């Protein structure tokens, strides 16, 4: 480091240009009269005494009273501490500025791009811990460990957590991982590595194109329409076709998509089962969340040609509604983005399943199917 750079570094610790120049001169001279110091730096003789006294107060030098004022450098511990603390502060400031620059304001904009996966995971972790209803994720084992504590918090708060993990087909270790039960409502395994995706509460998305890259940009989305697109990407490419590895059956039979419920129950309803459910969702007339219970009396979806097989995802990706008998009237529930139905359903709880024997009498059936959520 040359003299000019050293002076700049000293000035970053709070010294003036005169003070830094005088201090470097004292270091070069050792013990010297004040006048000699002035002659070896840019400080005028008329100001050198004040400059040296200020340096003494800061702990950089000490003065000696002789026939004329002498000065010598003090042990550099004080200077070194100043430089190191300043360096740490500047490094922290640089890191903070970088973080602030690359983190968009999620609640003011529809989305943004960040340069590092670490930043994306930190934002996802915050959103997951604050989640209220549903989390859909596809991620690597390493990313799962990073987000594990936030997922545990979300599940403890009653959030449904659906996770697809990229797994090695040669082993089933992830399926029996001891931390899965505390963090996940349902786990599925994918054997083809792909992107990281998290859809949180239907309105917030976190996405990186390649989960295996060590330093990859990420996309943050704060928009329900775009989240709907990512939800269907998750559901069709990363969920419905993958193997189930774990299901938490302690919380009852719960569905978080109408498509999952219809795929499980359409054929059973056609076979004479009576199914009573509780639906939680957004009431389009009242414009608020509502909970309603009733017996399923009809299901309608695109190309509704009833067969002995469950409807396909293609059939369910269009128009889909379920009609409930709630006593005095019927009530239609629809899927994500429902417009014509009474409710956009967010969650379905199975209350009762019975076999119709007569018009007014039902008998319990065997256990319900394993839910597709």
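Looking only at segment 191-207, which residues are closer than 15 Å to residue 241 by Cα and in contact with a helix residue (DSSP H, G or I) (Cβ under 9 Å, 6 or more places away or on another chain)?
194
Just wondering, is there one or more residues in segment 286-296 that are at positive phi and either touching a helix residue (DSSP H, G or I) at 6+ places or on another chain (Cβ under 6 Å) or not in a strand (DSSP E or B) (or both)?
yes
Name the single residue, out of those in segment 66-78 being surrounded by 10 or more Cβ atoms within 10 Å (Cβ to Cβ) and out of contact with any helix residue (DSSP H, G or I) (no Cβ under 8 Å at 6 or more places or on another chain), that is modelled with the highest pLDDT.
74
Under 6 Å between Cβ atoms, which residue pairs at least 6 apart in sequence (or on different chains) link something in segment 264-279 that is in the same structural domain as residue 325 (by TED's automatic domain parsing) and within 18 Å of residue 312 (Cα to Cα) with a partner that is in a strand (DSSP E or B) and modelled with pLDDT of 85 or more?
265/275; 266/299
Would you list the strands (runs of 3 or more DSSP E) that sit entirely within segment 155-257 and hold 1 or more residues that are over 22 Å from the mean Cα position of the chain (by Cα) and either modelled with pLDDT of 90 or more or closer than 14 Å to residue 144 by Cβ (or both)?
In segment 155-257, 243-247 are the strands (runs of 3 or more DSSP E) which contain 1 or more residues that are over 22 Å from the mean Cα position of the chain (by Cα) and either modelled with pLDDT of 90 or more or closer than 14 Å to residue 144 by Cβ (or both).
Can you tell me which residues in segment 297-308 are within 16 Å of residue 269 (Cα to Cα) and at pLDDT below 80?
304, 305, 306, 307, 308 - these are the residues of segment 297-308 that are within 16 Å of residue 269 (Cα to Cα) and at pLDDT below 80.
Looking at segment 1-23 only, could you name the residues that are surrounded by 17 or more Cβ atoms within 10 Å (Cβ to Cβ), modelled with pLDDT of 85 or more and part of a helix (DSSP H, G or I)?
Hits for segment 1-23 are 18, 19, 20, 21, 22, 23.
Working only within segment 26-39, note down all residues that are out of contact with any strand residue (DSSP E or B) (no Cβ under 8 Å at 6 or more places or on another chain) and surrounded by 15 or more Cβ atoms within 10 Å (Cβ to Cβ).
Once the filter is applied, which keeps residues that are out of contact with any strand residue (DSSP E or B) (no Cβ under 8 Å at 6 or more places or on another chain) and surrounded by 15 or more Cβ atoms within 10 Å (Cβ to Cβ), segment 26-39 yields 29, 36, 38.
Take the residues in segment 308-318 that are without any contact (Cβ under 8 Å) to a residue 40 or more places away in the chain and under 31 Å from the mean Cα position of the chain (by Cα), then tell me which one is farthest from residue 237 (Cα to Cα).
318
Which residue out of 266, 332, 338 is farther than 28 Å from residue 139 by Cα, assigned to a helix (DSSP H, G or I), at pLDDT 85 or above and in contact with a strand residue (DSSP E or B) (Cβ under 9 Å, 6 or more places away or on another chain)?
It is 266.
Residue 261: in the same structural domain as residue 195 (by TED's automatic domain parsing) and in contact with a strand residue (DSSP E or B) (Cβ under 9 Å, 6 or more places away or on another chain), yes or no?
No, not satisfied.
When the residues of segment 108-137 are filtered to those that are part of a strand (DSSP E or B) and modelled with pLDDT of 95 or more, which remaining residue is surrounded by the fewest Cβ atoms within 10 Å (Cβ to Cβ)?
Here the answer is 137.
Quick check, is residue 147 at pLDDT below 90, closer than 30 Å to residue 281 by Cα, within 14 Å of the chain's Cα centre (by Cα) and in a helix (DSSP H, G or I)?
So residue 147 does not fit the description; no.
The values are calculated or read from the model by the stated rules, or taken from the named source; none is laboratory data. This one's a predicted model, so the numbers in the text were calculated from it and none came from an experiment. Backbone-built Cβ (ideal geometry, glycine too); neighbour counts: all protein chains shown.
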